[in-house]
Amino acid sequence: MAGSLTLDPSQLARAGGQRGRQSRWLRWLLLRLGGVVFVLWAVASVTFFALRLIPGDPAEAILGGPGSQASEEALAQARAHYGLDQPLATQYLVYLGRLAIGDLGSSYALRQSVVSVIGDTLGPTLVLAVLSLAAAVLIALTLAVWSTRGGRGAAALGSTLEIVAAAVPHFWLAISLILVFSTTLGWLPPVSVPGVAGLVLPVLTLAVPLAGFLGQVMREALLDAMESPFVLAARARGEGEGGLFWRHALRHAAIPAVGLVGWAFGSLISGAVVVETIFARQGLGRSLLSAVQSRDVPLVIGVVLVVALGYMLVTTLTDLADRLIDPRLNRRAQQA
Amino acid sequence: MTRTRTLPLLIAASSAIVLLSGCAAAAPQNTEPVKGGTLVYATGDAEPSCLDPHVGGNFPQAIISTQYLESLVSKNVDGEVIAWLATEWTVADDGLSWDFTLRDDVTFTDGTPFTADAVAANVAHLKDPATASSTGYLALDKVASVESVDEHTARFNLTEPDSALLDSLSQPWLAIESPAALQRPQEVNCESPVGTGPFVVTGWNRQQSVTLERNDDYVSPPADAAHEGVAYLDAIEWRFLPDSASRYAALRAGTVDVIDSVQPDTIIAAEDDDAIEHIDAPRPGASNRIELNSSVAPFDDIAVREAFIRSANVDDAVSSLLFGTADRSYSALSSIEKAGVSEPDLFDYDQKEAARLLDEAGWTEKDDDGYRVKNGKRLEVDFPVSTNQSIPAEVSLFEQLQSTTKEAGFKVNLEPLDLSSWYGVLGENDYNLVSAPYTKVGPDVLRILFHSDSTIPAPSGYFANHAQVKDPALDAVLDRASEITDEDERQELYAEAQKTILDGYFILPLYDQQNHYLLRSDVEGLRTMPTVATPTLFDTWLDR
C-alpha cells in the first residue's frame, strides 16, 4: 500500500505554483485545527460530567474504591486534596484551565500523574495497533488478490473467509489462538513476554477481524475496477493483464481501504482493551478498562482525550492520503 | 487405516511412551529443598494501586505484601495466635493495655532497627487520615495509642477492652513497615514499601509485574514456618494476568508457576493434569451467604424468611454449578474459624414447609404467574448482585435459587450491577436479598456483620449488617464477647450469637469464601498463611 501513496511530482509542482491553492490549504488546515480543539473540548466535557453523574462519591474512588470503609477524616482530606469540596462548576473550570496547559491531573487509583501513565502505556498500544493494521492490510490484500485472480472456487472461499473473519469477536479469537498455538502446539507463549514471540498472538487477534472487513471492501473495489472503462481503455492500449491488475486496479482498490483506516484505528483501540487484558500486555486499553472500573476520572478523561486526538490525526492523514491516491479529489477541490 | 499400518504405529507409540516415562524417571526428585531460581506468580486479582497495605487495605495488597512485610503475631493451623515479630504479649487486668515483647534481632531491609518506636510509628501511620487506611484503621478502632516501655517493649493503650486485638494484629493490613521509609512521600512508599520480610520489592513495571528479590539478612519467620534462615528462591516475578483462561494457559505452558483466583471449571480441568497441583484455602471470617434484609417487607416477617430459605435448593445448585469444588456451609462463619457453629437442619430444602409457612403468614393467594399475593401485593424480592464480587458460577447459582424459590411463589428480581451502583442500592436500603463477602481474622467478624451499630452507615454510605439485624440481646452478647479474654467463655458467647442469627433465618449460608491456587507440581513448599489465606513463598523451592 505504501507504493500507492507516492506523489506525482507534476501534481506537486502545480499545487505549489498556485496561490489560491495555498490559501485553500491553509483554510482547510485551520478548519481542521478548530475542529480538533472543539472535539477535544466536547470529549473532555462530556466525559467529565458523565463520570460525575454516575452515583458514588469520587472521594471513595480515591480511597480504594466503592464500599471502602474510609473514615470521615480520610474522605474529607481526599476531597480537599483533589478539590472535590468545590462546586461542580468551579471544578469544571479549574479542570479545563489545567487541560489548556496540558496538565491532565493525577490518577486517583494509580497515584501517578496521568501524563506519565499515558506516556508509559501509549507506546505498547501504538506498536500493537500499527503492527495489527499492517498485518490486517497484508492479509486482506492477499485474500482479495487471490480471490479475484484465483478463479470461481477461490472467489467463493475468499469471500466466506472474509465474512467469518469479520464476524469473529476478539475475546473468542484470542482464546482460540491461545488454545491452538500455545496450549496444543506449544509454539507461542499464551501471555505477553518480551520480544517478538509475545506479539504474534495479540497482533493476529486484532488483525484477523479487521482483515475480514478490509478484504471485503478491497475485493469489491478490485472487481469493480477490473470491469471499469479505464481498464478497458488500458487493455485496448495493449497493457497486459498483470500490468492492468497491479498498476491500475490495485490503486483503485486502495481508495476505499485507506478511507477505512480511520475507522480501523478506532476499532483497533477498542479491540486493544480486550486483547491487552487477555494477553496481559501493557497498554492504553488496559489502563482505560481499570480506570473505568475504579472510577478514576482523571485517567479516563486523559485516555479518552488521547484516543480522540489519535483518531482525528488518523482521519486527517487518511484524507490527505486519499487526495494523493485519487487525483479527482484535488481537481474537484480546485473547481470549487 | 489398514491392519498392516497399525502395527508399526503401535510400536512407535509404545516406544515413545517408554522414552517419555524414562524421561519422567530421570526428572529431579529432590527431597532436600533446592536453593535458587525465580518463581513466576500470576495473580488474577486486581493490580494494587499501592504496595503498602496500610493504604486502603484490600486482598490484592495482602497477597503480595505477605512476601515482604510481617506482622507482630500470626496464627497456626489450629487457630492459635503464635509469635512473629513479637515473641510474647500480656494484657493488663482491666484489659485496657497490652504489652508486646518484640524480637531484638530484626532489622528492616533499609537498615532501620525494628523497635517499639517502629511499632508506634506504624500504628500512628494507620490512624493518620492522610494514609487513607480503611481495613487497618477499622481494626485499630479501640487502640488509642502505642508507647515504648523500653526499646523492645511496645504498650498498646486501648479505649475499651478488645479480645480481637491479636486477631486484628495478625492481619497483613497491619504489617510493620520501616518508620524511616514511612516518612517518605506516599507515592514513593507505595512503590517500594520497606519491611522485614523474606523478600524485598525491587521493581514495579505497571500492568506487568512486580519484582521481588530475596532478603539475604532475613531472620524472622513466623513460629510455624517450615525452615529458618533466608528464603530458598532468589526472586519472585509477581505478574498481573487478569484473564482467567489465559492465566490457566500460561500455567499449563510453564510460562508461570503459580496462579490464583482459580474458577471452578478450571479446577476441574486441572484435576486430570499431573503437572499441576491444587491448593484449596478458604478465607477466614464470614462464610459466603445470602443475607435477608429484615428491615423491610416481606422479610421483616420471620415466617417469610424461613419460607424463602426452605424453598431454596442450595445443595443441588452448589454441586451442579461448582462441580464439587466447594462444600455447602450451614454456618455464619468460615469453616476455618474454630468458633463456627453449623446448623444443617435449619436449611433443609422443603417446598411443602415453605408453602405452609407462606399460607400461615397470609400469602395465601396466587396470581396467574404462580407468584404468591397478599393484600393485592405480589411476593416480590429484589436481589442486587455485584458482578465484581460474585464469580459467574455464583451468579448462575443465584439464578437456580431464583427458579426453585419460584415454586414456592417468590418472584426474585436478580439485578447484576457494577460495584458502585451495587453499594448505592445497599446504601438506599433498596434491596431484599444480597450476598457480600467479608474477610476478617477471628469470630469478631460476627460483631461487624450482625451488631445493630453496623446498620448505621459509615461516611461513605457503607454498612456491613446487610441483614439489618437489630436485636439488643444479640448486641449485648457480641459486645461482651469482644471484651472478655477468657477463651472458653468467649467461644460460648459466639456460639450463642450464631444460634440467634441462624435461628432467626437472617442468612442463607452457601459455602466458604473460595480461594483456590493452582501450581506446577515442581513447585514445592508453598503454603497459605492461616491468617487470611494469603500464599507465602518463604518455604517455597523449585524442584528442577
Determine whether segment B:62-73 contains at least one residue that is open to solvent by 10 Å² or more (accessible area, probe 1.4 Å), away from chain A (no Cβ under 14 Å) and not aliphatic (A, V, I, L, M).
yes
Selection from segment B:366-385 of residues that are assigned to a strand (DSSP E or B), of a type outside the set (Lys, Arg) and farther than 12 Å from residue B:433 by Cα:
B:373
If I go through segment B:292-344 residue by residue, how many of them are open to solvent by 10 Å² or more (accessible area, probe 1.4 Å), in a helix (DSSP H, G or I) and either of a type in the set (S, T, N, Q) or touching a strand residue (DSSP E or B) at 6+ places or on another chain (Cβ under 9 Å) (or both)?
5
Given (1) away from chain B (no Cβ under 14 Å); (2) open to solvent by 20 Å² or more (accessible area, probe 1.4 Å); (3) in contact with a helix residue (DSSP H, G or I) (Cβ under 9 Å, 6 or more places away or on another chain); (4) modelled with pLDDT under 90, where does residue A:160 come up short, assuming only one miss?
(3)
Got a sec? Which strands (runs of 3 or more DSSP E) wholly within segment B:147-248 have at least 1 residues that are within 14 Å of chain A (Cβ to nearest Cβ)?
B:199-205, B:209-214, B:235-240
Across segment B:97-124, what is the total count of residues that are more than 18 Å from residue B:68 (Cα to Cα) and in contact (Cβ under 8 Å) with a residue 60 or more places away in the chain?
4
Out of the residues in segment B:469-511 that are open to solvent by 20 Å² or more (accessible area, probe 1.4 Å) and assigned to a loop (DSSP other than H, G, I, E, B), state the one that is nearest to residue B:397 (Cα to Cα).
B:506
So in segment B:115-142, with the set limited to residues that are away from chain A (no Cβ under 14 Å) and of a type in the set (Val, Ile, Thr), which one is farthest from residue A:74 (Cα to Cα)?
B:115
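Table: residues versus (1) under 29 Å from residue B:217 (Cβ atoms); (2) among the hydroxyl-bearing types (Ser, Thr, Tyr); (3) touching a helix residue (DSSP H, G or I) at 6+ places or on another chain (Cβ under 7 Å); (4) open to solvent by 10 Å² or more (accessible area, probe 1.4 Å).
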site: B:54; (1), (2), (3), (4): yes, no, yes, no
site: B:91; (1), (2), (3), (4): no, no, no, yes
site: B:99; (1), (2), (3), (4): yes, no, no, yes
site: B:121; (1), (2), (3), (4): yes, no, yes, yes
site: B:127; (1), (2), (3), (4): no, no, yes, yes
site: B:131; (1), (2), (3), (4): yes, yes, yes, no
Do you know which residues across segment B:399-426 are without any contact (Cβ under 8 Å) to a residue 40 or more places away in the chain, closer than 18 Å to residue B:319 by Cβ and within 26 Å of the chain's Cα centre (by Cα)?
B:399
Mind checking which residues of segment B:183-201 are open to solvent by 30 Å² or more (accessible area, probe 1.4 Å) and in contact with a Leu (Cβ under 7 Å, 6 or more places away or on another chain)?
B:191, B:200
Given the conditions (1) open to solvent by less than 60 Å² (accessible area, probe 1.4 Å); (2) part of a helix (DSSP H, G or I); (3) modelled with pLDDT of 85 or more; (4) not basic (Lys, Arg), report the number of the one that residue B:453 does not fulfil.
(1)
Within segment B:394-435, track down each residue that is open to solvent by less than 40 Å² (accessible area, probe 1.4 Å), assigned to a loop (DSSP other than H, G, I, E, B) and either on the phi < 0 side of the Ramachandran plot or among the hydrophobic types (A, V, I, L, M, F, W, C) (or both).
B:410, B:431, B:432, B:435
Return only the number of the condition from (1) at pLDDT below 80; (2) within 19 Å of residue A:149 (Cα to Cα); (3) part of a helix (DSSP H, G or I) that residue A:256 does not satisfy.
(2)
Which condition number in (1) at pLDDT 95 or above; (2) under 23 Å from the mean Cα position of the chain (by Cα) is the one that residue B:464 fails?
(1)
Filter pass, residue A:206 being under 19 Å from residue B:255 (Cα atoms), open to solvent by less than 50 Å² (accessible area, probe 1.4 Å) and in a helix (DSSP H, G or I):
no
List the pairs whose first member sits in segment A:72-94 and is within 20 Å of residue A:107 (Cβ to Cβ) and within 14 Å of chain B (Cβ to nearest Cβ), whose second member is open to solvent by 70 Å² or more (accessible area, probe 1.4 Å) and modelled with pLDDT of 85 or more, and whose Cβ atoms are under 9 Å apart, counting only residues at least 6 apart or on separate chains?
none
Condition (residue is more than 12 Å from chain B (Cβ to nearest Cβ), open to solvent by less than 10 Å² (accessible area, probe 1.4 Å), at negative phi and in contact (Cβ under 8 Å) with a residue 40 or more places away in the chain) applied to segment A:238-249: is it met by at least one residue?
yes
From the list B:151, B:213, B:160, pick out the single residue that is farther than 30 Å from residue B:487 by Cβ, open to solvent by 10 Å² or more (accessible area, probe 1.4 Å) and in contact (Cβ under 8 Å) with a residue 24 or more places away in the chain.
B:151
What's the number of the condition residue B:370 fails, among (1) at negative phi; (2) modelled with pLDDT under 95; (3) over 22 Å from the mean Cα position of the chain (by Cα); (4) not β-branched (Val, Ile, Thr)?
(1)
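The values are calculated or read from the model by the stated rules, or taken from the named source; none is laboratory data. Computed from a predicted model, the values in this text were never measured in an experiment. Every residue, glycine among them, receives a Cβ derived from its backbone with ideal geometry; neighbour counts consider all protein chains shown. Side chains are part of the model used for accessible areas, which takes the heavy atoms of the whole protein and leaves out ligands, DNA and RNA. Shrake-Rupley method; radii C 1.70, N 1.55, O 1.52, S 1.80 Å.
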